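Let me begin by presenting the structure, written as structure tokens, before commenting on it.
Please treat every number below as a calculation from the coordinates, not as lab data. Predicted model only: the values in this text are computed from it and were never measured. Here Cβ is always computed from backbone atoms with ideal geometry, including for glycine, and neighbour counts include all displayed protein chains.
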Amino acid sequence: MDQKEKILIVLGSASDLPVMEDGVAILREMDVPFRMEISSAHRHPERTVSLARQARSQGIEVIIAGAGLAAHLPGVVAAYTSLPVIGIPLQGGALAGVDALLSIVQMPKGVPVATVGINASRNAAILACQILGIKYPEVAVRLDTLKERMKAEVEESAKSVRL
Ligand code: RP5
């Protein structure tokens with residue numbers, strides 16, 4: 001894989017950055033080049049549309065979009081691109097992320113957003129790498145290594161509860 005950015009991460013606010021750290025760690029571990037942007041479906045719709053429209057011609061292959069509250073960002077991005085969009089509902093506000101989850105997952109037919117759990121940036125990053133792994137075998141190999149490590153961790157935990 002060349003060093004051109006393959007994943008675009010769009011977050012609704014700079015206040016969302018800490019939640020994205022787990023996902024970013026995965027993308028670094030998988031050695032997948034990515035770019036992160038802040039935009040808002042409500043506070044800067046023009047910027048959101050332009051990021052979505054330009055992504056494919058810039059070489060982006062998967063988009064991850066995370067937002068909280070009435071989280072329309074992933075859906076709006078998906079409306080303006082045919083690239084796969086993974087949505088991360090972010091916790092925040094009185095409804096603790098359930099508002100964002102429902103806003104992201106309940107897309108109308110024809111415009112899907114692959115939605116992960118609330119604040120699940122790690123899973124979003126793994127899913128993005130799995131999509132890229134179809135085309136880039138080296139990413140699939142790194143994902144297999146990650147799976148092996150998770151297996152080893154389960155076996156280690158199992159030992160610790162054995163009497
Ligand atoms: C959403 O509103 C953002 O994604 C963020 O989760 C939430 C709060 O944003 P700020 O008021 O902190 O900018 O649009």
Over the chain - Rg/Rh using Cα atoms and the Kirkwood inverse-distance radius: 1.02
Ranked highest first by average number of other Cβ atoms within 10 Å, how do 41-50, 58-67, 78-87 line up? 58-67, 78-87, 41-50
A 32 angstrom limit on the alpha carbon distance is what I want to check against. Which of K6/K151; K135/K159; K109/K135 exceed it? K135/K159
From the phi angles alone, apply the Karplus equation (6.51, -1.76, 1.60; θ = phi - 60°) to the stretch 95-108 and give each ³J(HN,Hα) in whole Hz, x where the residue is Gly or Pro. 9, 6, x, 5, 4, 5, 4, 5, 5, 7, 6, 8, 6, x
Could you identify which residue out of S121, S57, S39 has the top mean-square fluctuation in a GNM of the chain using Cα springs shorter than 10 Å? S57
Nearest 500 deg cm²/dmol is fine: what mean residue ellipticity at 222 nm does the chain get from its DSSP H runs of n ≥ 4 alone, each adding -39,500 (n - 2.57), divided by its residue count? -15000 deg cm²/dmol
Run the numbers for E138 and L95: contour at 0.36 nm per residue of separation, minus the present Cα-Cα distance, in nm. 11.5 nm
Could you tell me the distance between the Cα centroids of the stretch 1-73 and the stretch 137-152, to the nearest Å? 24 Å
Please compute the length gained on full extension between E21 and V161, using 0.36 nm multiplied by the number of residues separating them and subtracting their Cα-Cα distance. 47.3 nm
Pairs of alpha-carbon atoms within less than 8 angstrom and 6+ residues apart define the contacts here; what relative contact order does the chain have, in percent? 22 percent
